[in-house]
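Where a number appears in this text, it was derived from the coordinates with a stated rule and is not lab data. Owing to the predicted nature of the structure, the values given are computational and were not obtained by experimental measurement. Here the Cβ is made from the backbone with ideal geometry for all residues, glycine too, and neighbour counts use every protein chain on show.
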Amino acid sequence: MSRHHPRITAFEIRSLMLIASVTLGAASSAYAQNAPTTAADAQVTAAFTKADKNADGLLSREEAASLPAVAANFDKVDADKDGSISAAEFGKAMKM
Ligand SMILES: [Ca+2]
Ligand SMILES: [Ca+2]
């Protein structure tokens, strides 16, 4: 068995772990401040915004055509049956 000392001492490892935890902690609190929604929510919002061509906050049947999964289930996604899909209806459908 080799008995030479490892190049990184236990003290150095502790220092690195401390630095890593401080860095990760700072990163996660910055993330929480800048992004209250989850990444999945952001993707849903981005998809909705992209499909909402006239930016009125609602997806018409024509606009939903760019999202085949939504277009195929338009009547199901349009929970209140007003003929358009709101962001809330869209978000709910994406979580099903
Ligand atoms: Ca629209
Ligand atoms: Ca609706």
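Put a dot 7 Å past the Cα of A69, heading toward its Cβ, do the same for D82, and the two dots end up 2.5 nm apart. Close amide-amide hydrogen proximity is noted between I85 and L59, S60, each under 5 Å apart and 5 or more residues distant or on a separate chain (H modeled in the peptide plane; Pro and chain starts excluded).
All distinct Cα pairs of the stretch 39-95 go into the 1/r average, and the inverse of that average, the Kirkwood radius, is 10.9 Å.
With r as the distance between the Cβ atoms of S15 and T49 and R0 = 41 Å, compute the FRET efficiency 1/(1 + (r/R0)^6) and round to 0.05. That gives a FRET efficiency of 0.35.
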